[in-house]
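The values are calculated or read from the model by the stated rules, or taken from the named source; none is laboratory data. Model, not experiment: these values are computed from the prediction. So basically every Cβ, Gly included, is an ideal-geometry build from the backbone, and we count neighbours across all protein chains shown. Side chains are part of the model used for accessible areas, which takes the heavy atoms of the whole protein and leaves out ligands, DNA and RNA. Shrake-Rupley method; radii C 1.70, N 1.55, O 1.52, S 1.80 Å.
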Amino acid sequence: MEPFIWLALLAVLLVVEAVTAGLTTIWFAGGALIAAVASYSGAGVLMQWILFLCVSLLLLIFTRPLAVRYMNKGVAKTNVNSLVGQKAVVIREIDNLAQTGQVRISDIEWMARTPLDGEKIPENAVVVIKEIQGVKLIVEKVKEVKE
């Protein structure tokens, strides 16, 4: 294939990427660029396609996770996900075996459970939210610091 065909594909992929801004085609644009260089260097059509596919796949596998992490850096957690890591106060003793437990955070009451079934957390204890399972908060008692 002629190098200008690969360059045209590169341009189309970059335009699609600019329009979507969602890291969708940038990996294939890299593959098209390498295939264009290979075509200009005199590589055969089969080698151009192999380079296009291999480079695109390698970019997708190895750089996409880094790029996604970088692009999502600083994005504030919203809704219920923002509760993880926050502290709450127990307003009803937490006992998984008895199916009891409630906490209050930001004037909202939530059902709460501990990660382990045998553990109990008394009223007025301060807990930290570790995860959310359905409508229940999974909490752990805050370790008391001795001075």
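Quick look at the numbers
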quantity: Subset of region 1-41 [of a type in the set (Gly, Ala, Ser), more than 23 Å from residue 67 (Cβ to Cβ) and open to solvent by less than 60 Å² (accessible area, probe 1.4 Å)]; calculated: 8, 38, 39
quantity: Looking only at region 6-22, and only at residues there that are of a type in the set (A, V, I, L, M, F, W, C) and without any contact (Cβ under 8 Å) to a residue 12 or more places away in the chain, the one that is nearest to residue 42 (Cα to Cα); calculated: 8
quantity: Scope region 93-147; condition open to solvent by 10 Å² or more (accessible area, probe 1.4 Å), within 20 Å of residue 81 (Cα to Cα) and assigned to a loop (DSSP other than H, G, I, E, B); matching residues; calculated: 106, 107, 115, 134, 135, 142
quantity: Neighbours by Cβ (under 6 Å, 6+ apart or cross-chain): first from region 76-88, modelled with pLDDT of 85 or more; second outside any loop (DSSP other than H, G, I, E, B) and of a type in the set (Ser, Thr, Tyr); calculated: none
